[in-house]
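Worksheet: one structure, shown below.
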Amino acid sequence: MLRQARIQMQMAMHLARIIPPARSNFHLAAIEARQKKILHEVGMLSLEIKASSLKRPWRMSATEMRCGQSWIRSLQHPMLESYTLRCPQASAMIVRERGAEAPANQVLDAANFYRAVLAARAWPLQTTILVIDHQAGAMSLRQGAWGTAPIYLMESAHTLRGHWDPLEFYPYLDCLDLGRASRFLHSFDMPYSRRTLFFELQMLTALSCALWNGNTGLRISYPNPASVAGVRTLCADARPAEAALKILEGAVKRWIHADIQYGSELSGGLDSSLVSILCRQYQPGLSTFGIHLDAPGQQQRRQSLIERFGFHDASVDLNAHLPLAADSPRWHAATMVPWGEIYDEGVNAMLATAARQGVQAMFTGFGGDELCPLYAFEDPAPPELAVLEPASATPSAPDFLTRRAMRAMRSTLSDAAPRAMIDASSLESAAFGSAIYLRHGIWPIHPLCTPELNRFCGALPWSWRVGRTIERAMLRQLDCPSEVVESRTVDSFQSSLSSGLRHSAGQQLCELFDQPLLAELDLVDPRQLRNRFLDWCENGTDDEALPFYSAASLEMSLRSIGARA
């Protein structure tokens, strides 16, 4: 532990002087422009709190709390609602996904105040609860059970900052976590955890609670692990597809409001098809949005759904928006987050189209891959169905990492969040993918992450989970086209990633890898990295592209952070 602390101290010193201004390709103006724009964007909560304000009285409205230079703000969106609670000893702000009836601000005695705070934790949709104890001079911040729009937190100089977009912290970061960065470079992996790649920046995971008083440091506590339902035996007259549809329909209804313009992502796969078909019954002529891949049968499946259900569809061609293409904003606008969306360019184009059409909330198929897990004690999927199971193989390890990087990776614990009712991979997708939607003013909705649905499907017998049998049965009941229901194809984005890195961005990546900051930090061997990249460009396969994207994304992030130097 002392050794790791020394490494992190060394990293902090190194990153403080990481980029001479002449070497940065990024501009501080881009960061400043984002900070000015933030008042017009959407998120659960943002804050900047000085420790000295915790014991003082705050001015409160339904959407904002202020005390001197300290502020807490619920950014406005029609899918969200917020309210405040107050008693003589404490103040609270609750921000949550909207319900049928608007909540009221309340002034209470101490006992009823804490009862109201406890009741707020039972809200079935995403919620964030902030409480300031004025007597103790302490603040607590609790996240709901869903992964959507997590709050990132950073403490410095007796000030706590919080925001849903990690880019907002770039002007303040100067310390890379060597072990986690090495793991990311090695396996493109950042576990769903309170820890991020940057030592000072933490993330509030599902059901976790942050405590801060300005004196003892920011502490984020995990909840207890969720219980495992276990596999059940079905009754002879059981109808699991009908039961699963009833759970999912009930979940979708909770998000439906007459004044909201909805969209739904439609890839042509099982997950997005199931969600889109269900949502159509609540918004006739539902607008769907997709990304066109060079994948066999993808467009035919999408078209069959559009014709059958009358979707108003718009799609973007991923070949026109390749990852890290030479004209990508990520090269010049300081917008690279390593754990963010790989296919940022294509997803941004799709969401921009949706935003221009007035879409305020977008249904997704996130979480479908994890609905039907196969457990270690069970038989594996038969060969003809194995391709349909969530991928478990990790990419081949790159050989351009240094010994220091490998030692740091092996000595760093993952500190992953405990087991939840929602699969960790689903929570990770929802959390890490939130910011790209919110930057467009679109609230993401993930019905297949519904805890009740996950618990139900995870308890079904093997025969209903293998090959996603339960999802296929649900789609048949919804009259989904057979070419979708019976599809045994998993659409891959790998060829687009490979094309973007190899062709469109090849020259820029060579320059990026020529004198990388990662080498100054002794994480990569620059000659090995550049030579391996050039070899891969000539002879490599698509599935070998990810290590070079990992290196590029982390390098670009470090330069974005260094742009403020």
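What trypsin sites (Lys or Arg not before Pro) does segment 391-470 have in DSSP loop regions with at most 15 other beta carbons within 10 Å?
For trypsin sites (Lys or Arg not before Pro) across segment 391-470 that sit outside H, G, I, E and B with at most 15 neighbouring Cβ atoms in 10 Å, the list reads ARG419.
From the C-alpha gyration tensor of the chain, pull out the three semi-axes of the equivalent ellipsoid (sqrt of 5λ each), sorted largest to smallest, in whole Å.
35, 33, 23
Scaled to the compact-protein estimate 2.2 N^0.38 Å, what is the alpha-carbon radius of gyration of segment 303-346, rounded to two decimal places?
1.59
Once the Cβ-Cβ distance between HIS312 and SER156 is put in as r, and R0 is 60 Å, what FRET efficiency do you end up with, to the nearest 0.05?
So the FRET efficiency works out to roughly 0.80.
Name the residue from SER498, VAL524, PHE513 whose Cα lies farthest towards the positive end of the charge dipole of segment 486-532, charges +1 on Cβ of Lys and Arg and -1 on Cβ of Asp and Glu.
Of the listed residues, the answer is SER498.
Just report the Cα centroid separation between segment 469-529 and segment 86-128, whole Å.
A separation of 42 Å, based on Cα centres.
Where only protein heavy atoms count, and the probe is 1.4 Å, what is the accessible area per residue for the chain in Å²?
Numbers: 23620 Å² over 565 residues.
Accessible area per residue: 42 Å².
Strictly greater than 24 Å: what percent of every Cα pair in segment 36-221 meets that?
Above the 24 Å cut-off, segment 36-221 has 37 percent of its Cα pairs.
May I ask you to evaluate 6.51 cos²θ - 1.76 cosθ + 1.60, the Karplus curve with θ = phi - 60°, for each residue of segment 105-117 and list the ³J(HN,Hα) values in order in whole Hz, giving x for glycine and proline?
5, 9, 10, 10, 7, 4, 4, 6, 4, 6, 5, 5, 5
Give the relative contact order (percent, whole number) for segment 36-221; include only Cα pairs under 8 Å separated by 6+ residues.
About 20 percent, as a whole number.
Suppose a student asked you for the relative contact order of the chain, using Cα pairs under 8 Å spaced at least 6 residues apart; what percent would you report? It would help to have the intermediate numbers written out before the result.
Numbers: 1042 pairs, mean separation 108.1, N = 565.
Contact order relative to length: 19 percent.
Of the accessible area of the chain, with the probe set at 1.4 angstrom, what percent is carbon plus sulfur?
Exposed carbon and sulfur together represent 52 percent of the surface.
Place the peptides 429-435, 183-189 in order of packing, highest mean first, counting for every residue the other Cβ atoms within 10 Å and averaging per peptide.
By packing density, highest mean first, the sequence is 429-435, 183-189.
Do the sum for the chain: with -39,500 (n - 2.57) for every DSSP H run of n ≥ 4, divided by all residues, what is the mean residue ellipticity at 222 nm, to the nearest 500 deg cm²/dmol?
-10000 deg cm²/dmol
In whole angstrom, note down how far apart the Cα centers of segment 326-360 and segment 400-430 are.
25 Å
Give me a comma-separated list of calculated 3J(HN,Hα) values for segment 470-485, in order, Karplus coefficients 6.51, -1.76, 1.60 applied at θ = phi - 60°, integers in Hz, x for any Gly or Pro.
After applying 6.51 cos²θ - 1.76 cosθ + 1.60, I find 5, 5, 5, 5, 5, 5, 4, 5, 8, 6, 6, x, 5, 5, 7, 4 Hz.
The values are calculated or read from the model by the stated rules, or taken from the named source; none is laboratory data. Everything quoted here is computed from the prediction, not taken from an experiment. Ideal geometry is used to build each Cβ from the backbone, glycine not excepted, and the neighbour counts take in all protein chains shown. For the accessible areas, the whole protein counts, side chains as well, though only heavy atoms, and no ligand, DNA or RNA atoms are used. Shrake-Rupley method; radii C 1.70, N 1.55, O 1.52, S 1.80 Å.
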